[in-house]
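The values are calculated or read from the model by the stated rules, or taken from the named source; none is laboratory data. Note that this is a predicted model, so its numbers are computed, not measured. Here the Cβ positions follow ideal geometry from the backbone for every residue, glycine too, while neighbour counts run over all protein chains shown. These accessible areas exclude ligands, DNA and RNA; they are computed on the full protein's heavy atoms, side chains included. Shrake-Rupley method; radii C 1.70, N 1.55, O 1.52, S 1.80 Å.
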Amino acid sequence: MMLNVTTAAQVKSTSLNLEADAVVIGSGAGGAVMAYELAAAGKSVIVLEAGSHVPSSRFNEKFPDMLELLYQDGGNQATSQGDLLVLQGRCLGGSTVVNGCVTFRVPDFILKKWADEYGLTNLTPEVLAPYFDKIESNLGIHTNQPHEINENSRKLQQGAEALGWSVKPLQRNIRECALTGHCLSGCKTDRKQSMLVTYLPWASHHGARIFTDTAVTRIVAEGGRAKGVEAEVRDPETGRTVAKMSVQAKVVVTAAGAIQSPLLFQRSELGNSSGQVGKNFACHPSTMVVAEFGSDVFTWRGAMLGVYVDEFEHPDKGGFVLEGGGAGPVELGMSTEPGTGKAYLDFMSRAKNYASCVTLIHDHNVGQVSLVDGKKQIDYQIADSDFPAMKAAFKAAARIYFAAGAERVFLPTGDKRIIESVDDIDAVVDGIENNPFAIRMVSYHPQGTMRMGADPTNSVVNPYGETHDVKGLFVCDASLFPTSIIVNPQESVYALSNYIADHILQDQAGYFA
């Protein structure tokens, strides 16, 4: 299906004044679904994406190149402390273009917590089930079959089964996976059902107009009601503004993600009567635990993510999951501190023998995203109360790998820590302290910052995604989540965006009259 996009290079005027029923800011999981649902219902829709339109023909499967081309800040978006990279897509389709395809429904116990603590009694498993069903059908979401579970994930599976721990195949939004393992660099074969190849072309088919290289600078509101946005079309090579844009719209939907959405609200000086805009940042700080085996693993071959261990998913049991995630030799070295010179060469010479898994913890919302002197600042450090979950994840991963026959386990610590036997696990892990740069962390799952809730004094948007302060101004990305959800968030964002779109369409007189 054809995807019609207007890029900066195609804009010939220095001033664009547009009108639509709805303007959607961001083209990732939330924005693309919202744009399609509104456009399919006959509404005129404009999508504004700050990133560029990068077709899959430009994905070269070299991760450093794609970090620079497809990711926010060239892959260097980090916390102010500098010890946590926050990786987000900055391209048409957003993070759905560069994620690992893994999909989960919001766990039921998380929905219960949201209902009990934040008044979101409308978001029950029964209410959301039809939305998840629809999304899963549209995006080819399926449980990994045996051929999609590579040797790397089989090591995790074998170890967990030997210990009697729950381990399951992951679900992914992919059709006929080519098993190349380059998910994080974009899917060159278009098998990944990202927004770039699904909902955005579908929205375009129904008349949605899509502009890339277009950064929204301010949301406009009058008399407590959203009226549209102001934006700048910028040359992606130079950053120079080539055109000023204004869009008048009856509905404004922010889907720029948990970093950019609060920054936009702060620049616009809107929606913050609660003082919660930018607060409550969580991110599932992730690490990679690497184990060495006496046999070949080739962790980078096959589907990147195969199985996960959910034995400890519930907060009462630990609040973490382990996912069998593959990585290339360079990434393995980045996560384990192999040293330099001979030590580095020695480590790399055994790269084919390493297996790796990703740890995700249920961190609590202790971070903040803010504008400081007009510039983005992300403040986050793992809370002391969350650090035991991180260490418990390391111990569980190590036990699994030794049960699978590993010779040693490398921990993702700033100092070089290697566990040589199962008897050493507790002593080595217990010695890790919660200090900056103690652990090599990355986040693909920024959440919070625009908390959804029934009480306008402690949340930014209501249970239907509309800001408490401004009528017709909605949010539909992972910034909505009142808490972190422990698992990969993309499917939950898809479903919530569809749910919010239906709410808007059910009150057309209120929003589009």
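What pairs come up if the first residue lies in region 483-494 and is on the phi > 0 side of the Ramachandran plot, the second is open to solvent by less than 10 Å² (accessible area, probe 1.4 Å) and not acidic (Asp, Glu), and their beta carbons are under 9 Å apart, counting only those six or more places apart or on different chains?
Ile486/Ile110; Ile486/His284; Ile486/Gly319; Ile486/Phe320; Ile486/Val321; Ile486/Leu360; Ile486/Ile361
Evaluate region 313-325: report whether one residue or more is under 20 Å from Asn488 (Cα atoms), open to solvent by 40 Å² or more (accessible area, probe 1.4 Å) and in contact (Cβ under 8 Å) with a residue 24 or more places away in the chain.
Yes, region 313-325 contains at least one residue that is under 20 Å from Asn488 (Cα atoms), open to solvent by 40 Å² or more (accessible area, probe 1.4 Å) and in contact (Cβ under 8 Å) with a residue 24 or more places away in the chain.
Could you grab me the full set of residues in region 180-207 that are farther than 13 Å from Ser56 by Cβ and at pLDDT below 95?
Gly181, Leu184
Report yes if some residue within region 248-259 is open to solvent by less than 40 Å² (accessible area, probe 1.4 Å), charged (D, E, K, R) and assigned to a strand (DSSP E or B); otherwise report no.
no
Out of all the residues in region 470-484, which are buried (at least 24 other Cβ atoms within 10 Å of the Cβ) and within 22 Å of Tyr511 (Cα to Cα)?
Within region 470-484, Leu473, Phe474, Val475, Cys476, Asp477, Leu480 meet the criteria.
Are any of the residues in region 114-131 assigned to a helix (DSSP H, G or I), of a type in the set (D, E, K, R), closer than 27 Å to Thr287 by Cβ and open to solvent by 40 Å² or more (accessible area, probe 1.4 Å)? Quick ask: steps written out before the conclusion?
Here is the first cut: in region 114-131, the residues assigned to a helix (DSSP H, G or I) are 114-118, 125-131.
Right, trim to of a type in the set (D, E, K, R) and you get 116-117, 126.
Now drop any that are not closer than 27 Å to Thr287 by Cβ, which leaves none.
Looking through region 114-131, none of the residues is assigned to a helix (DSSP H, G or I), of a type in the set (D, E, K, R), closer than 27 Å to Thr287 by Cβ and open to solvent by 40 Å² or more (accessible area, probe 1.4 Å).
Check whether at least one residue in region 30-50 is closer than 28 Å to Val309 by Cα and either open to solvent by 10 Å² or more (accessible area, probe 1.4 Å) or within 20 Å of the chain's Cα centre (by Cα) (or both), and report yes or no.
Looking through region 30-50, at least one residue is closer than 28 Å to Val309 by Cα and either open to solvent by 10 Å² or more (accessible area, probe 1.4 Å) or within 20 Å of the chain's Cα centre (by Cα) (or both).
Can you name the condition, by its number, that Phe63 falls short on among (1) of a type in the set (Phe, Trp, Tyr); (2) farther than 25 Å from Asn498 by Cα; (3) buried (at least 24 other Cβ atoms within 10 Å of the Cβ)?
So Phe63 meets the others, but not (3).
In region 337-354, is there at least one residue being in contact (Cβ under 8 Å) with a residue 24 or more places away in the chain and within 30 Å of Phe481 (Cα to Cα)?
no
Could you grab me the full set of residues in region 91-108 that are touching a helix residue (DSSP H, G or I) at 6+ places or on another chain (Cβ under 8 Å) and either modelled with pLDDT under 95 or part of a loop (DSSP other than H, G, I, E, B) (or both)?
Correct list: Leu92, Gly93, Val98, Asn99, Gly100, Cys101, Thr103, Phe104, Arg105, Val106.
Go through region 447-469 and count every residue that is touching a residue at least 60 places away in the same chain (Cβ under 8 Å), part of a loop (DSSP other than H, G, I, E, B) and either open to solvent by 10 Å² or more (accessible area, probe 1.4 Å) or over 19 Å from Ala221 (Cα atoms) (or both).
Going through region 447-469 one residue at a time, the tally reaches 14.
Given the criteria of a type in the set (Asp, Glu), more than 22 Å from Lys112 (Cβ to Cβ) and surrounded by 24 or more Cβ atoms within 10 Å (Cβ to Cβ), does Asp426 qualify?
For Asp426, the condition - of a type in the set (Asp, Glu), more than 22 Å from Lys112 (Cβ to Cβ) and surrounded by 24 or more Cβ atoms within 10 Å (Cβ to Cβ) - is not met.
Does region 18-28 contain any residue that is surrounded by fewer than 17 Cβ atoms within 10 Å (Cβ to Cβ) and under 19 Å from Met195 (Cα atoms)?
No, region 18-28 contains no residue that is surrounded by fewer than 17 Cβ atoms within 10 Å (Cβ to Cβ) and under 19 Å from Met195 (Cα atoms).
What tally of residues in region 57-66 results from selecting those that are outside any loop (DSSP other than H, G, I, E, B) and closer than 20 Å to Arg191 by Cα?
First pass over region 57-66, keeping only residues outside any loop (DSSP other than H, G, I, E, B): 57-58, 63-66.
From what's left, closer than 20 Å to Arg191 by Cα: 57-58, 63, 66.
Matching residues across region 57-66 total 4.
So, in region 164-220, exactly how many residues are surrounded by fewer than 20 Cβ atoms within 10 Å (Cβ to Cβ) and of a type in the set (Phe, Trp, Tyr)?
The number of residues fulfilling the criteria is 1.
What strands (runs of 3 or more DSSP E), lying completely within region 350-415, carry at least 2 residues that are among the polar types (S, T, N, Q) and open to solvent by less than 40 Å² (accessible area, probe 1.4 Å)?
354-361
Kindly check whether there is at least one residue in region 128-143 that is in contact (Cβ under 8 Å) with a residue 60 or more places away in the chain, in contact with a strand residue (DSSP E or B) (Cβ under 8 Å, 6 or more places away or on another chain) and among the polar types (S, T, N, Q).
No.
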